[in-house]
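The values are calculated or read from the model by the stated rules, or taken from the named source; none is laboratory data. Just so it is clear, the model here is predicted, and its values are computed rather than measured. Here the Cβ positions follow ideal geometry from the backbone for every residue, glycine too, while neighbour counts run over all protein chains shown.
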Amino acid sequence: MIVDVHTHLPSHEFKVPESEIRYENAMKSGSGQPTKLTNSVEEYLEAFKNVDKTFIFGIAPKPWNKNEEILSSPGWGKDLNQNDIASKVASYAPEKIIPFMSLHPMDPDIENEYYRCVNGLKLKGIKLGPNYQDFHPLSIEAMKLYSKLERDNIPIIFHQGTSPVTNAPLDYAHPKHIDKIAMVFPNLKIILAHLAHPWQPDCMSVVRKHKNVFADVSAQFYRPWSFWNGLNLFNEWGVIDKILFGSDWPITTPDETKEKLMGLLSYSKKYNLPLIPEEAIEGIINRDAISILDIII
């Protein structure tokens, strides 16, 4: 089973008007590859035709600046927030798409929105980007949210690692903070996105230390030396079996991610590097994240 644990909301429900098509160059800096930021539900479904399940989510805005979005969704009704959109996208392919919520720990309405997401929209997990949302991951408000998530057995995906967004504090996305969270909430299932690049050693240390902490491989392959180093590090320390498959769509596609994972063997041989076992790569691609995270669908 191929489960893509890291996919973002399509910007539009239907076909993107030509006047609204947008690209940007910062997200894959160093690769020379632009990112198409605007896309439809149809394009989402096409991208995931070779995947069994996907997790989909937005990122909740800052309560003090609700008009600021990381990945905008102009092609949806103004009365829908990121959680409504995740639920609606999932309705197009309920056998494939598993919707996640996103909340802001400092939102004054967080209690009502949490209840609505879990009991009304039936969202199965949560995505948080403390750097993008500008909250410290060890703040009192955040810790209260983690307590609810652990109680309700809801897994959490943290954005981890670098970002080209100027007003997103890098410290808030460092895996060192997750160590304390996992100590306080040992039964909370956590995914550290992007192997926390470029802090892969710190990510590996936290994943190795805590039974319920994992990492995803999204947004890695277009920087091949960093990609190989991260996976080799996890392999050397015996925790490559805790890496989950993820694409970071629309930044990349699952087909591209799978192809580049399978290409690590030839990359290693080309540069006389230690080989990452083929069975370990196959394990990443086919790991059943739904069972690992104990998600009931």
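Numerical summary
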read-out: T35, sole failed condition from (1) closer than 30 Å to M143 by Cβ; (2) under 18 Å from the mean Cα position of the chain (by Cα); (3) of a type in the set (S, T, N, Q); value: (1)
read-out: Lone unmet requirement of (1) in contact with a strand residue (DSSP E or B) (Cβ under 9 Å, 6 or more places away or on another chain); (2) within 21 Å of G125 (Cα to Cα) for P108; value: (1)
read-out: Total residues in segment 192-204, condition touching a His at 6+ places or on another chain (Cβ under 8 Å) and among the aliphatic types (A, V, I, L, M); value: 2
read-out: Any hit, segment 215-225, residues being part of a helix (DSSP H, G or I) and either out of contact with any Leu (no Cβ under 6 Å at 6 or more places or on another chain) or not aliphatic (A, V, I, L, M) (or both); value: yes
read-out: Which numbered condition Y222 misses (of (1) farther than 21 Å from T7 by Cβ; (2) surrounded by fewer than 21 Cβ atoms within 10 Å (Cβ to Cβ); (3) touching a residue at least 12 places away in the same chain (Cβ under 8 Å)); value: (1)
read-out: Residue in segment 44-56 that is at pLDDT 95 or above, touching a His at 6+ places or on another chain (Cβ under 9 Å) and either in a loop (DSSP other than H, G, I, E, B) or acidic (D, E) (or both) present; value: no
read-out: Selection from segment 49-89 of residues that are aromatic (F, W, Y) and touching a strand residue (DSSP E or B) at 6+ places or on another chain (Cβ under 9 Å); value: F55, F57, W76
read-out: Qualifying positions in segment 11-49 - crowded, with 16+ Cβ neighbours inside 10 Å, farther than 13 Å from I97 by Cα and not acidic (D, E); value: S11, H12, V16, M27, K28, T35, L37, T38, N39, S40
read-out: Meets criteria (touching a Gly at 6+ places or on another chain (Cβ under 6 Å) and more than 22 Å from D134 (Cβ to Cβ)) for S11; value: yes
read-out: Leading residue by the ranking (nearest to G125 (Cα to Cα)) among those in segment 174-216 that are crowded, with 23+ Cβ neighbours inside 10 Å and touching a Gly at 6+ places or on another chain (Cβ under 6 Å); value: D216
read-out: Residues being of a type outside the set (S, T, Y), under 20 Å from the mean Cα position of the chain (by Cα) and either within 20 Å of R22 (Cα to Cα) or assigned to a loop (DSSP other than H, G, I, E, B) (or both) - total across segment 58-84; value: 10
read-out: Only listed residue being within 25 Å of K53 (Cα to Cα) and of a type in the set (A, V, I, L, M), chosen from I126, I181; value: I126
read-out: Yes/no for F227 being under 28 Å from L145 (Cβ atoms), more than 14 Å from the chain's Cα centre (by Cα) and at pLDDT 95 or above; value: no
